[in-house]
1. Conditions: (1) within 16 Å of the chain's Cα centre (by Cα); (2) of a type outside the set (Ser, Thr, Tyr); (3) under 12 Å from Ile19 (Cα atoms); (4) not in a strand (DSSP E or B). Glu64 meets all but one. Number of the miss?
2. Could you check the range 99-118 and list, in sequence order, the residues that are touching a Pro at 6+ places or on another chain (Cβ under 8 Å) and more than 16 Å from Asp12 (Cβ to Cβ)?
3. Write out, first by first residue and then by second, each pair whose Cβ atoms fall under 6 Å of each other, whose residues are 6+ apart or on separate chains, and whose first residue, in the range 58-81, is farther than 17 Å from Glu24 by Cβ while the second is of a type in the set (Gly, Ala, Ser).
4. Right, Val119: of a type in the set (Val, Ile, Thr) and under 20 Å from Val21 (Cβ atoms) or not?
5. For the subset of the range 84-130 comprising residues that are charged (D, E, K, R), loosely packed, with under 10 Cβ neighbours inside 10 Å and under 18 Å from the mean Cα position of the chain (by Cα), which member is modelled with the lowest pLDDT?
Amino acid sequence: MTDPQPAELNPDDFARVIILVYGELENKTPFWCYTAVKPSQYQKFLDAQKEGALNLFEFQPFGEIIVSGEGNEPPEAVTLKVAEVYQTDPSTFFQPMDPMEEVEKKAKEADQKFRDKMVADLKKKSGEAE
């Protein structure tokens with residue numbers, strides 16, 4: 001029996017790089033904004049941010065805006081909720097990391113879940129046939 005093979009995994013379908021963006025509103029009030037950047041758009045996002053060309057009003061090509069608010073920092077409750085929704089450990093936020101390495105880990109986890117489901121389905125099916 002050969003291993004079941006998943007369709008080609010596209011990291012944009014199951015992973016996001018969570019980035020906290022800071023800025024100033026037109027009235028000079030500081031704001032923060034949690035964003036979920038598609039892995040395929042990560043470098044373009046960084047380039048746009050570095051060039052000062054990041055437009056949060058037209059963010060869709062990069063991914064999604066999760067939540068934003070006025071102030072210098074997001075409230076801790078917001079950070080904890082973002083971590084919960086995106087199933088990540090909040091203690092890893094703001095730590096140096098390689099996003100593409102993290103995406104690779106997520107891809108392996110998704111692949112393993114697929115394989116486990118296929119095996120369970122095959123076992124169930126063979127049990128029903130007996």
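The values are calculated or read from the model by the stated rules, or taken from the named source; none is laboratory data. Every value quoted in this text rests on a predicted model; they were computed, and no experiment measured them. Here the Cβ is made from the backbone with ideal geometry for all residues, glycine too, and neighbour counts use every protein chain on show.
1. Unmet condition: (4).
2. Selection gives Phe114, Arg115, Met118.
3. Gly63/Ala36; Glu64/Ala36; Ile66/Ala36
4. In short, no.
5. Asp98
To keep it simple, each residue is scored yes or no on (1) within 19 Å of Glu64 (Cβ to Cβ); (2) assigned to a loop (DSSP other than H, G, I, E, B).
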| residue | (1), (2) |
| --- | --- |
| Val82 | yes, no |
| Thr88 | yes, yes |
| Met97 | no, yes |
| Val103 | yes, no |
| Ala107 | no, no |
| Asp116 | no, no |
| Val119 | no, no |
| Gly127 | no, no |
